[in-house]
Amino acid sequence: MSYIFKSRASGNLLLGALEGDRLMRMVGQVPGRPGLLNHEELPAAIRVMEQSVARPPRPELDATDADSLQSILELFVTARNETVEVLWGVSTC
């Protein structure tokens, strides 16, 4: 399974199942389901992600996870700044 995040303010971003599930839980969404964060919901999601990025690295997060989190954070910030939503879909292929 993988997640694809889309925003009109930036390009698409693909995350694997583990990173995507972790992100969904982090921002209060249900893992494994498509969804949307509108521009009003993005600031709260960004705050949670920024707090996670600012913490010391945890053993369960490797460098790939940290890079993925930084990339999705940048996508969320760009969407917030452009006042557009972020959509995501889930692929089981």
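The values are calculated or read from the model by the stated rules, or taken from the named source; none is laboratory data. Values in this document were obtained by computation on a predicted structure and should not be read as measured data. All Cβ positions, even for glycine, are placed from backbone atoms using ideal geometry, and neighbour counts span all protein chains on display. Areas reflect the complete protein model, heavy atoms only, side chains present, ligands, DNA and RNA absent. Shrake-Rupley method; radii C 1.70, N 1.55, O 1.52, S 1.80 Å.
Observations on the model:
- Per residue accessible area of the chain, 1.4 Å probe, in Å²: 58
- In this calculation the C-beta distance from H39 to T92 is compared with R0 = 35 Å, giving a FRET efficiency of 0.75.
- Carbon + sulfur, % of accessible area of the chain - ligands and nucleic acids excluded, 1.4 Å: 53
- Longest DSSP-loop-exposure-free segment, GluC sites (Glu not before Pro), the chain, at most 14 other Cβ within 10 Å: 1-39
- Among (i) 7.6; (ii) 5.4; (iii) 9.1, the entry that matches mean projected area of the Cα convex hull in nm² as calculated here: (ii)
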